[in-house]
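Below is one structure; the comments refer to it alone.
The values are calculated or read from the model by the stated rules, or taken from the named source; none is laboratory data. Since the model is a prediction, treat every value here as computed from it, not as a measurement. A quick note on method: Cβ atoms are made from the backbone with ideal geometry, for glycine too, and the neighbour counts reach across all protein chains shown.
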Amino acid sequence: MLDINTLQNQSCQPITPNSHRMVIPTVESYLSVLPGWQAGFDYNSIERSIQFKNHYQVMAFLNALAFICHEQDHHPEICYGYNKVTIKLTTHTIKGVSLNDMIMAAKINQLRPV
């Protein structure tokens, strides 16, 4: 059974050009256990926006996120402002969503749950 704890305990794995992107029903299945995340345009990515009280909290979150991204060697697109962070995960090698994106989303939810 798919659950967020299983995803949080996994690590991102190397992706090869022969790897396949997730199909839409699989993406939707994973998103059902990842609160706050939604499919991006054409299901080529997953995205989440997070509100904070102030800029200090944004920067603290981004520093923690940077550590996880480095540790997992999987790097999202990040846009931030005074009190908001928007994160977009995709696997460029396969031009779509992979299990690594779901693992990262679960780990990000550990930093900032919904």
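May I ask you to verify whether Thr26 is part of a helix (DSSP H, G or I), surrounded by 14 or more Cβ atoms within 10 Å (Cβ to Cβ) and of a type outside the set (A, V, I, L, M)?
Here the answer is yes, as Thr26 does meet what is asked.
Looking only at residues in segment 65-95 that are loosely packed, with under 13 Cβ neighbours inside 10 Å and part of a helix (DSSP H, G or I), which one is modelled with the lowest pLDDT?
The qualifying residue modelled with the lowest pLDDT is His92.
Does Gln10 meet the test of being more than 14 Å from the chain's Cα centre (by Cα) and either exposed (fewer than 13 other Cβ atoms within 10 Å of the Cβ) or touching a residue at least 24 places away in the same chain (Cβ under 8 Å) (or both)? Outline the logic, then answer.
Details: more than 14 Å from the chain's Cα centre (by Cα): no; either exposed (fewer than 13 other Cβ atoms within 10 Å of the Cβ) or touching a residue at least 24 places away in the same chain (Cβ under 8 Å) (or both): yes.
Criteria not met by Gln10.
Gly36 fails exactly one of the following numbered conditions: (1) assigned to a loop (DSSP other than H, G, I, E, B); (2) within 20 Å of Pro113 (Cβ to Cβ); (3) at pLDDT 95 or above; (4) more than 14 Å from the chain's Cα centre (by Cα). What is the number of that condition?
Here Gly36 meets the rest and fails (4).
Please work out if Val58 is out of contact with any helix residue (DSSP H, G or I) (no Cβ under 9 Å at 6 or more places or on another chain) and either buried (at least 18 other Cβ atoms within 10 Å of the Cβ) or free of Cβ contacts under 8 Å to residues at least 12 places away in the same chain (or both).
Values: out of contact with any helix residue (DSSP H, G or I) (no Cβ under 9 Å at 6 or more places or on another chain): yes; either buried (at least 18 other Cβ atoms within 10 Å of the Cβ) or free of Cβ contacts under 8 Å to residues at least 12 places away in the same chain (or both): yes.
When the stated conditions are applied, Val58 passes them.
Look through Tyr43, Tyr56 and report the one residue that is in contact with a strand residue (DSSP E or B) (Cβ under 9 Å, 6 or more places away or on another chain), of a type in the set (Ser, Thr, Tyr) and farther than 17 Å from Gln8 by Cα.
Testing whether each residue is in contact with a strand residue (DSSP E or B) (Cβ under 9 Å, 6 or more places away or on another chain), of a type in the set (Ser, Thr, Tyr) and farther than 17 Å from Gln8 by Cα leaves just Tyr43.
List, please: which pairs have Cβ atoms under 9 Å, are six or more places apart or on different chains, and start with a residue in segment 22-37 that is touching a residue at least 12 places away in the same chain (Cβ under 8 Å) and end with one that is assigned to a loop (DSSP other than H, G, I, E, B) and polar (S, T, N, Q)?
Met22/Ser98
Go through (1) crowded, with 16+ Cβ neighbours inside 10 Å; (2) without any contact (Cβ under 8 Å) to a residue 40 or more places away in the chain and name the single condition Ser98 misses.
Unmet for Ser98, out of (1) crowded, with 16+ Cβ neighbours inside 10 Å; (2) without any contact (Cβ under 8 Å) to a residue 40 or more places away in the chain: (2).
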